[in-house]
Amino acid sequence: MHSFIAAMAKRFPVRLAVIAGHPAMIGTGPIGGHAVETGLVIASTDPVAADCVGARLLGFRAQAVRHLWEAGRLGLGETDMEKMDFPALGLRQAIEAFTQAAYGERLTFEHP
């Protein structure tokens with residue numbers, strides 16, 4: 001399935017990605033998880049980068065999500081967080097806000 005997602009992204013390029021955490025599913029959803037209102041929105045003209053940020057908020061790096069890794073390898077978008085700009089809310093602050101909303105606790109942040 002992941003290879004299919006990456007292939008479709010190559011065949012039908014997306015020009016704008018908007019991901020709203022309204023709500024976001026955490027845990028082992030959709031069956032065993034629960035919905036959390038995060039108040040966060042990710043928007044980018046690079047849909048791979050947007051999805052990588054969403055995955056990072058959930059605790060995953062691009063290398064751990066096969067379709068993101070494949071899309072990056074195919075040159076369909078950026079997967080390196082160090083090369084991304086966060087003009088409104090930095091990645092650290094977004095992770096802290098997501099963690100606070102999802103788990104009701106502050107995250108001790110080290111490095112993205």
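The values are calculated or read from the model by the stated rules, or taken from the named source; none is laboratory data. Everything numeric here is computed off the predicted structure, so don't read it as measured data. Positions of Cβ are generated from backbone atoms using ideal geometry, with glycine treated the same way; all protein chains shown enter the neighbour counts. All accessible areas refer to the heavy atoms of the entire protein, side chains included, with ligands and DNA or RNA removed. Shrake-Rupley method; radii C 1.70, N 1.55, O 1.52, S 1.80 Å.
So the values come out like this:
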quantity: Fraction of accessible area attributable to carbon and sulfur, the chain (%, probe 1.4 Å); calculated: 56
quantity: Helix-derived mean residue ellipticity, 222 nm - over the chain, DSSP H n ≥ 4, -39500 (n - 2.57), to 500; calculated: -11000 deg cm²/dmol
quantity: Per residue value of the accessible surface for the chain (all protein chains in place, 1.4 Å probe), Å²; calculated: 66
quantity: Using alpha-carbon coordinates, inclination of helix 47-57 to the longest axis of the chain, degrees; calculated: 30
quantity: Residue (of PHE12, PRO30, CYS52) at the positive-pole extreme of the chain, dipole from beta-carbon charges; calculated: PHE12
quantity: Contour excess over end-to-end distance, with Cα ends at MET84 and GLU37 and 0.36 nm allotted per residue; calculated: 14.4 nm
quantity: The chain - charge dipole about Cα centre, Lys and Arg +1 at Cβ, Asp and Glu -1, debye rounded to 20; calculated: 340
quantity: 10 Å binning of all Cα-Cα separations within the chain, expressed as whole percents from 0 upward; calculated: 14, 45, 34, 7, 0
